[in-house]
Amino acid sequence: DAGVIQSPRHEVTEMGQEVTLRCKPISGHDYLFWYRQTMMRGLELLIYFNNNVPIDDSGMPEDRFSAKMPNASFSTLKIQPSEPRDSAVYFCASSFWAGEAEDTQYFGPGTRLTVL
Amino acid sequence: AQKVTQAQTEISVVEKEDVTLDCVYETRDTTYYLFWYKQPPSGELVFLIRRNSFDEQNEISGRYSWNFQKSTSSFNFTITASQVVDSAVYFCALSPFPYGQNFVFGPGTRLSVLP
């Protein structure tokens, strides 16, 4: 398997524009996570899905952020409109629940977003 | 409120030394998860371990070991015989069971292993 794939790897946009980040999890994984990393706030869990269903989006910073998982092989994180404070590295991760003793998250390479 | 403290901001050791990274957490939950992640200089994130609060057994994986003590709310990580490739930022994290709301990361400890 190619691992978790994220696109684009880098995105530079202007304030007010819509930004869509994409993630393809590892085939067969039933959990998908979106994280954000900034210098100011560190690492944060934004939202996670189980079997394509959003379970907890309490980490999503505000209504400008939305995430979808239309099928088991694809998820998007959208920011509309984008603001400079959204500049961060966004990581996607997936995992397969194999019981309490087993649960490894595999991370994508991240998308570095810069909002000017 | 959930909180994770990694008091060691930076640690430097010489190769082959053992090193322990401290993690202290605060939670009112009776069941929760604890995690460790590694972020090498290249920037990717690597999941190292997840520990359930009801399992206080220590974990060993190769040169890595974890000591979970509920009595002191600590989940410390030890690298035995450190190597240069262990140089990274290590994050401890706390999550309610099963995941989600109030998932909290610590600020990270930067480990430098010198040759």
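In table form, for the structure just shown:
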quantity	calculated
Projected area, mean over directions - chain B, Cα convex hull, nm²	6.8 nm²
Computed over chain A, the ratio Rg/Rh where both radii use C-alpha atoms and Rh is Kirkwood	0.96
Overall dimensions of the range A:62-102 by Cα: Rg and Dmax, Å	14.1, 41
For the range B:70-111: span of alpha carbons on each principal axis (Å, largest first)	36, 22, 16
Cα-based reach from B:Lys70 at 15 Å (exclusive), listing aspartates and glutamates while leaving out same-chain residues under 8 positions away	B:Asp22, B:Glu26, B:Asp29, B:Asp55, B:Glu56, B:Glu59
Alpha carbon Rg of the protein assembly as shown, scaled by the compact-globule rule 2.2 N^0.38 Å	1.01
Shielding by partners - mean other protein chain Cβ count within 10 Å, residues of A:33-43	3
10 Å Cβ neighbours from other chains, averaged over peptide A:57-65	1
Cα-based equivalent ellipsoid of the range A:24-83: semi-axis lengths in Å, sorted from largest, via gyration tensor	21, 13, 10
All Cα pairs of the range B:14-54, percent lying beyond 12 Å	73 percent
List B:Ile60, B:Ile11, A:Ile55, ordered by accessible area with a 1.4 Å probe, largest first	B:Ile60, A:Ile55, B:Ile11
Average other protein chain Cβ within 10 Å of Cβ, residues B:38-46	4
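The values are calculated or read from the model by the stated rules, or taken from the named source; none is laboratory data. Remember, it's a predicted structure, so these values are computed and weren't measured experimentally. Backbone-built Cβ (ideal geometry, glycine too); neighbour counts: all protein chains shown. Side chains are part of the model used for accessible areas, which takes the heavy atoms of the whole protein and leaves out ligands, DNA and RNA. Shrake-Rupley method; radii C 1.70, N 1.55, O 1.52, S 1.80 Å.
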